[in-house]
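Worksheet for the structure shown next.
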Amino acid sequence: MEQLLSLAAENLISPIILCFVLGVAAALARSDLSIPEAVAKGLSIYLLFAIGFKGGVSVAAHGIDATLGLALLAGVVLSAVLPLIAFALLRVMTQMNRLDAAAVAAHYGSISIVTFVAATSVLESRGVAYEGFMVAVAAAMEAPAILSALWLVAKGGGADGNKGMDSALLREIMLNGSIVLLVGSFVIGWATGEDGLAEISSFIVSPFKGVLCLFLLDMGLVAGRGLREGSKILRPAVLAFGVLMPLIGSAIGLGFAMALGLSSGGIALMMVLSASASYIAVPAAMRVALPEANPSLYLTLSLGVTFPFNLTLGIPLYVAVSQAVTGG
Amino acid sequence: MEQLLSLAAENLISPIILCFVLGVAAALARSDLSIPEAVAKGLSIYLLFAIGFKGGVSVAAHGIDATLGLALLAGVVLSAVLPLIAFALLRVMTQMNRLDAAAVAAHYGSISIVTFVAATSVLESRGVAYEGFMVAVAAAMEAPAILSALWLVAKGGGADGNKGMDSALLREIMLNGSIVLLVGSFVIGWATGEDGLAEISSFIVSPFKGVLCLFLLDMGLVAGRGLREGSKILRPAVLAFGVLMPLIGSAIGLGFAMALGLSSGGIALMMVLSASASYIAVPAAMRVALPEANPSLYLTLSLGVTFPFNLTLGIPLYVAVSQAVTGG
Amino acid sequence: MEQLLSLAAENLISPIILCFVLGVAAALARSDLSIPEAVAKGLSIYLLFAIGFKGGVSVAAHGIDATLGLALLAGVVLSAVLPLIAFALLRVMTQMNRLDAAAVAAHYGSISIVTFVAATSVLESRGVAYEGFMVAVAAAMEAPAILSALWLVAKGGGADGNKGMDSALLREIMLNGSIVLLVGSFVIGWATGEDGLAEISSFIVSPFKGVLCLFLLDMGLVAGRGLREGSKILRPAVLAFGVLMPLIGSAIGLGFAMALGLSSGGIALMMVLSASASYIAVPAAMRVALPEANPSLYLTLSLGVTFPFNLTLGIPLYVAVSQAVTGG
Amino acid sequence: MQTHRAKRVEITIEAVMQSRLTDALTKAGVTGYTVLPVLGGSGKSGAWSRSGQVSRASGMVQVVCIIKPERLDDLLGGAFAVVERHIGVVSVSDCDVLRAERF
Amino acid sequence: MQTHRAKRVEITIEAVMQSRLTDALTKAGVTGYTVLPVLGGSGKSGAWSRSGQVSRASGMVQVVCIIKPERLDDLLGGAFAVVERHIGVVSVSDCDVLRAERF
Amino acid sequence: MQTHRAKRVEITIEAVMQSRLTDALTKAGVTGYTVLPVLGGSGKSGAWSRSGQVSRASGMVQVVCIIKPERLDDLLGGAFAVVERHIGVVSVSDCDVLRAERF
Ligand SMILES: Nc1ncnc2c1ncn2[C@@H]1O[C@H](COP(=O)(O)O)[C@@H](O)[C@H]1O
Ligand SMILES: Nc1ncnc2c1ncn2[C@@H]1O[C@H](COP(=O)(O)O)[C@@H](O)[C@H]1O
Ligand SMILES: Nc1ncnc2c1ncn2[C@@H]1O[C@H](COP(=O)(O)O)[C@@H](O)[C@H]1O
Ligand code: NA
Ligand code: NA
Ligand code: NA
């Protein structure tokens, strides 16, 4: 426990977290500090490219075994199942209607790649190794949750004419930019291996953490603006869900990861993926498929509550647990 | 004198200055070379973040003493007083009306952070140390000048209905993006110290000068475009003000800095801050508070005359003087 | 031959090429992956600045001799003459009308700076030296081709009222942003030399290849989108031209380069410049001067056919030939 | 100059729906449209701004379409089917165009 | 399709005044507006362009607001109080909208 | 509020022609215009989008110009000379403006 607290404290005064806090504070204080949309997208492209590439190189270095396939499968199952749990929880804990509950649930089955990136950087600074293929697991977990959520809505029936999934949407989800970039750069890293990394490591490795700082500053600004607009929506029960669900998700992720026999770092990352909530791909899919669901509900919960929780308390907790269970 | 000239010459053929010259030349020749607005903003966010962070780390390393508080106070006083001098000078030297003179004066009380950054990079390449908290002084000097200028206008009375300062404007000025980012990253650097710097130094330290080059290219382009449009406004007396005022400002800054007992580098930076004129925060505030004042007047003077003067001749002069007075 | 194949294979699995392939694939699959316009422009500004600067520094280091002047002249002649050959070839091989043929021809006389950059990075990773002034030759080859093409159109006469060249257009072409930035940073690199490079090398040297990767990802996306829209235009004869012309161009470039007595690396780059087709400056000039020419024809050919050909097969071929002829 | 009566239809719609809308317009016989970026806005569903956003979820575009008056009903029918369940605004005004053969 | 008469108000105003304008519109009872970015322009106070600019001082936005005709005077009153001392252009045109209940 | 009749001219034109168009407008006596960015579009010459583009070749802008009705013909004449051989759309609509002395 003491170790956990010191880890949390150490985590809290890292530049990464403080940049997020700065962004939230600036937005809440209504400062006009803002990062242009194009720059924010550029930073996110950089992060996806770098994390995918490094994951691929690591797989090239350590070889591939049966665990990779099983871990991908586990990711797909987690992503598909977690929304069902989230949905049930929302319906029990809050008075949310089916549609909003399904939309929120989709976010919690899917993943937040920045949370994943922040977790890898904590692991690296603590010298904990992890499976390079976890970035592929992250990609595999992006989409299935959306299908689960749409199934929940369809099952609920409804003369309200939700058309839900069509083939155009399915293609959009599967080929969404962040999945393609993550998987693509993973494959490139895998194909070019350590030689490829050596060529571009002073671009994708050395400045990585600094770029992450600026990106978190931006996310803080966006989250803060969302909280300012959407805080009225966050009734206590909804807020509680935003903290409880990542804990439940991470516990389930822990079970899967231990069953797979992942390393201590891999377990921590599987917990992080299960605990994190999407804020890029899923919101866009929800606007198309479930336009009547309230976007400020799921955006505020995911980006304004669960993301900061994971970033500050969740990650050190998941790392501590993963080390405890592996006797690390 | 000889040393000063050689310092100036050396300064002039640095990539930083030549990039600015390239930008001005391209704009005057009506080349379509341009840097997208989002990229220019991205570069400025990077520079503010890096310079703030490094300042904070330096304070964390060297500890904090009474000088910090006094230097901040000196900065506020300088920022508030310099506009009064600038205003008087403008009214005497040029036929500028009260409104325009007050608007111009506000710019000269406030500071140009890029001039500051360029000066720190000259100091660093000459191995001259300076107080890390000078970046906080820079932040403290951004806003007071605006209040002085609005007071000058209000005092001048006028049935022309200048509403001047209101609470929304005051919040905008104090929480303007560049102040928040500078102070925020300063605090983050202070809190995380050398450890924090080690994590992100290959992002904020190594590429710093190169980024500064591109930013100065952009400033050259904007300044050149401004000169093309606004050069008719620059009557000789106005032009003379743009060169004389930084000399006066730096002399007053020198006095304050010596009274505070700053190091040679700190003296140079206080002179630079006093000599430099704002071109980001103050112009925006003037458009809100004094919309009838002529923007091409203050933008052309600040960015087209005083900034290049400081960049090329001013900085080496201030550094030489600061070394002479400290016997360095 | 074997060596050539292995060079090509090695070339093909580099991160640079694979990023281009990823972009093309993503666009063909209609993924929504995209790089914001401002970011793409920012990347291209970085690449032009870095390659120009490094070229200038290399000239400063190795001194300047008569070859520089002759090489520039050779570049201008090549750029002016290649369109005539391309035009004749297009009229013979395809049924393209005069206007379209002239517009396409202009692209093949001019150059693609990214192809040049990719070639220098292949040379560097193989440890082959080249003349730093080749970047100035690249700049010199951008514009003359446009004049040749407009002359071809004017000569063809035509009551269709092509106004062709006017003085505004001439200024736009000569002072186009990429020429100004390339030449400007070349001069800055020359003036500041190794000292200047030392100051900013961790910005323009170390991360260079990684930035090139992202830029090629973007070019792949744009090329893929163009192929999707424009593939119907690519009749077999047109497609064949897109592969044949770079081979012819490179052979002529080889002749000029050997006559000049360039080094093995310099020969390879002269071949690359002659083989490559413009996709930034010339298309814009054609929209102004020959608006009736079909843009998807020349854009698809240049970016969708010739660029990938040079990137994957052309560059290793030209490098192999240049080494063979110099006995390297 | 000779001008011709036409209709200018301006549709402000969520960015995620852009391709669905333009596909529907094309099916409704529209021969051209122009897409403008939107910085931010406000409506029943609250205020929003694109600054710093990475996701396309909160963001809109404005599709402007100039058509012959007789095609208006087809266009509005096609557009309405897409915007019906979504937030957004459709407005129509009269205009005159040069080069009417283009529409 | 059933459409309804409305007014389209287009206000081109300095970026620094955007929030003051939209606050005034909201106070004047406007239920929605859309903000478009502006690249550059020219007028009595000269030509300007956003390219390469960092400061918000020289830059404008276009606020488009569609309202019921009867609300026009309130809107113009509110807008005028903000733009009065500033550069910028206010124009009003007639339009027809789908889904009138939204305005 | 007191408003005055005016014409709103909207010209969608290739980005490479922007300065030629605005020069022509200025020569035709226009005292002001506003340039809006365009994200993409579609027409006879196919669909295009600015995303990821570096070259100015494929990209358009929208120039909006509000003028006194009596100046319309001069403006259209000047604009037409520029757009004639180029792709693009010119539309004119009626509007009312505040502060007519500005136009
Ligand atoms: N009256 C209006 N005038 C102009 N734009 C509007 C109006 N109402 C809504 N919008 C735009 O449409 C978006 C969605 O509106 P709403 O469906 O009311 O939430 C807003 O964010 C605005 O960008
Ligand atoms: N007649 C006009 N038509 C369209 N936009 C205009 C017009 N006049 C001014 N503007 C816009 O308003 C800004 C300020 O105009 P002004 O107040 O005349 O300097 C210009 O830079 C243009 O963006
Ligand atoms: N009917 C239209 N309505 C609105 N914009 C159009 C229309 N037709 C063409 N455009 C715009 O003008 C560009 C060129 O059109 P075109 O000359 O038909 O290829 C298109 O890409 C659109 O941006
Ligand atoms: Na999850
Ligand atoms: Na000052
Ligand atoms: Na060529």
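The values are calculated or read from the model by the stated rules, or taken from the named source; none is laboratory data. This one's a predicted model, so the numbers in the text were calculated from it and none came from an experiment. Positions of Cβ are backbone-derived with ideal geometry, glycine not excepted, and every protein chain shown enters the neighbour counts. The protein model used for the area step is the full one, side chains on, heavy atoms only, and it has no ligands, DNA or RNA in it. Shrake-Rupley method; radii C 1.70, N 1.55, O 1.52, S 1.80 Å.
Can you find even one residue in region E:89-99 that is more than 16 Å from ligand 6 (Cβ to nearest atom), open to solvent by 40 Å² or more (accessible area, probe 1.4 Å), more than 18 Å from the chain's Cα centre (by Cα) and free of Cβ contacts under 8 Å to residues at least 60 places away in the same chain? Looking through region E:89-99, none of the residues is more than 16 Å from ligand 6 (Cβ to nearest atom), open to solvent by 40 Å² or more (accessible area, probe 1.4 Å), more than 18 Å from the chain's Cα centre (by Cα) and free of Cβ contacts under 8 Å to residues at least 60 places away in the same chain.
Out of region D:25-40, which residues are closer than 24 Å to F:S58 by Cβ, away from ligand 2 (no atom under 16 Å from the Cβ) and either of a type in the set (A, V, I, L, M) or assigned to a helix (DSSP H, G or I) (or both)? Spell out how you get there, then give the answer.
Looking only at region D:25-40, we keep the residues that are closer than 24 Å to F:S58 by Cβ, and these are D:25-26, D:30-39.
Next, from what is left, pick out any that are away from ligand 2 (no atom under 16 Å from the Cβ): D:25-26, D:30-35, D:37-38.
Result: D:L25, D:T26, D:V30, D:V35, D:V38.
You will find that of A:A103, A:A138, the residue that is within 13 Å of another protein chain (Cβ to nearest Cβ), part of a helix (DSSP H, G or I), buried (at least 22 other Cβ atoms within 10 Å of the Cβ) and away from ligand 1 (no atom under 16 Å from the Cβ) is A:A103 and no other.
A search for C-beta distances below 7 Å between a residue of region D:58-71 that is touching a residue at least 60 places away in the same chain (Cβ under 8 Å) and any residue that is away from ligand 4 (no atom under 16 Å from the Cβ) and open to solvent by 30 Å² or more (accessible area, probe 1.4 Å), counting only pairs 6+ apart in sequence or on different chains, returns D:I66/D:F103; D:I66/F:V89; D:I67/D:K7; D:I67/D:F103; D:K68/D:F103; D:P69/D:R5; D:P69/D:K7. Looking only at region F:76-88, which residues are open to solvent by 30 Å² or more (accessible area, probe 1.4 Å), more than 9 Å from chain D (Cβ to nearest Cβ) and more than 14 Å from ligand 3 (Cβ to nearest atom)? Selection gives F:A81 alone.
For region D:33-56, check the following and say yes or no: at least one residue is of a type in the set (S, T, Y) and under 23 Å from F:A47 (Cα atoms). Yes, region D:33-56 has at least one match. Scanning region A:226-241 for residues that are more than 10 Å from every other protein chain (Cβ to nearest Cβ), part of a helix (DSSP H, G or I) and either within 30 Å of C:I204 (Cα to Cα) or within 16 Å of ligand 2 (Cβ to nearest atom) (or both) turns up nothing.
Checked against the criterion of being within 11 Å of another protein chain (Cβ to nearest Cβ) and buried (at least 18 other Cβ atoms within 10 Å of the Cβ), the candidates B:S178, B:S110 yield just one match: B:S178. Note on region B:271-293: residues that are in a helix (DSSP H, G or I) and within 30 Å of B:S167 (Cα to Cα) amount to 12. In the set (1) touching a strand residue (DSSP E or B) at 6+ places or on another chain (Cβ under 8 Å); (2) buried (at least 23 other Cβ atoms within 10 Å of the Cβ); (3) within 9 Å of chain C (Cβ to nearest Cβ); (4) not in a helix (DSSP H, G or I), F:M17 fails one condition alone, (4).
Applying the condition of being open to solvent by 10 Å² or more (accessible area, probe 1.4 Å) and polar (S, T, N, Q) to region C:262-291 and asking which residue is farthest from ligand 5 (Cβ to nearest atom) yields C:S264.
Would you say B:V222 is surrounded by fewer than 24 Cβ atoms within 10 Å (Cβ to Cβ), within 17 Å of the chain's Cα centre (by Cα) and either in a helix (DSSP H, G or I) or within 14 Å of chain C (Cβ to nearest Cβ) (or both)? Considered against the rule, which asks whether it is surrounded by fewer than 24 Cβ atoms within 10 Å (Cβ to Cβ), within 17 Å of the chain's Cα centre (by Cα) and either in a helix (DSSP H, G or I) or within 14 Å of chain C (Cβ to nearest Cβ) (or both), B:V222 comes out as no. Hey, could you check region B:250-278 for residues that are under 20 Å from B:S125 (Cβ atoms) and of a type in the set (V, I, T) and say which is farthest from ligand 1 (Cβ to nearest atom)? So the residue we want is B:I267. From the list B:S79, B:S125, B:S148, the one residue that fits, being away from ligand 1 (no atom under 16 Å from the Cβ) and either closer than 30 Å to C:E199 by Cα or within 14 Å of chain C (Cβ to nearest Cβ) (or both), is B:S125.
Which members of region E:45-83 meet the condition of being among the β-branched types (V, I, T) and within 16 Å of ligand 1 (Cβ to nearest atom)? Scanning region E:45-83 gives E:V61, E:V63, E:V64, E:I66, E:I67. Among the residues of region C:192-215, none is identified as in contact with a Gly (Cβ under 7 Å, 6 or more places away or on another chain), within 11 Å of chain A (Cβ to nearest Cβ) and of a type in the set (A, V, I, L, M).
Can you tell which of B:F133, B:F116, B:F87 is in contact (Cβ under 8 Å) with a residue 12 or more places away in the chain, farther than 21 Å from B:V59 by Cβ and not aliphatic (A, V, I, L, M)? Before the answer, list the steps.
Numbers: B:F133 fails: farther than 21 Å from B:V59 by Cβ; B:F116 fails: farther than 21 Å from B:V59 by Cβ.
Within the list B:F133, B:F116, B:F87, the selection yields B:F87.
Restricted to region E:41-75, and to residues there that are under 16 Å from the mean Cα position of the chain (by Cα) and within 11 Å of chain B (Cβ to nearest Cβ), the residue that is nearest to ligand 2 (Cβ to nearest atom) is E:M60. Taking every residue in region E:21-44 that is within 15 Å of ligand 1 (Cβ to nearest atom) and pairing it with any residue that is open to solvent by 40 Å² or more (accessible area, probe 1.4 Å) and part of a loop (DSSP other than H, G, I, E, B), at least 6 positions away or on another chain, the pairs with Cβ-Cβ distances below 6 Å are E:V35/D:L39; E:P37/D:L39. All of B:V81, B:V92 fail the test of being over 23 Å from B:I280 (Cα atoms), assigned to a helix (DSSP H, G or I) and open to solvent by 20 Å² or more (accessible area, probe 1.4 Å), apart from B:V92.
Against the conditions (1) open to solvent by 30 Å² or more (accessible area, probe 1.4 Å); (2) at pLDDT below 95; (3) closer than 30 Å to C:A40 by Cβ, F:T3 satisfies every one except (3).
So, of the residues in region C:31-72 that are free of Cβ contacts under 8 Å to residues at least 12 places away in the same chain and outside any helix (DSSP H, G or I), which turns out to be nearest to the chain's Cα centre (by Cα)? Of everything passing the filter in region C:31-72, C:P36 is nearest to the chain's Cα centre (by Cα). Among the residues of region B:292-318, those identified as open to solvent by 10 Å² or more (accessible area, probe 1.4 Å) and farther than 15 Å from B:V238 by Cα are B:E292, B:P308, B:T312, B:L313, B:L317.
For the condition open to solvent by 10 Å² or more (accessible area, probe 1.4 Å) and among the aromatic types (F, W, Y), B:F256 qualifies. Within region E:20-40, the residues that satisfy the criterion of being at the interface with another protein chain (Cβ under 7 Å from one of its Cβ atoms) and of a type in the set (G, A, S) are E:G32, E:G40.
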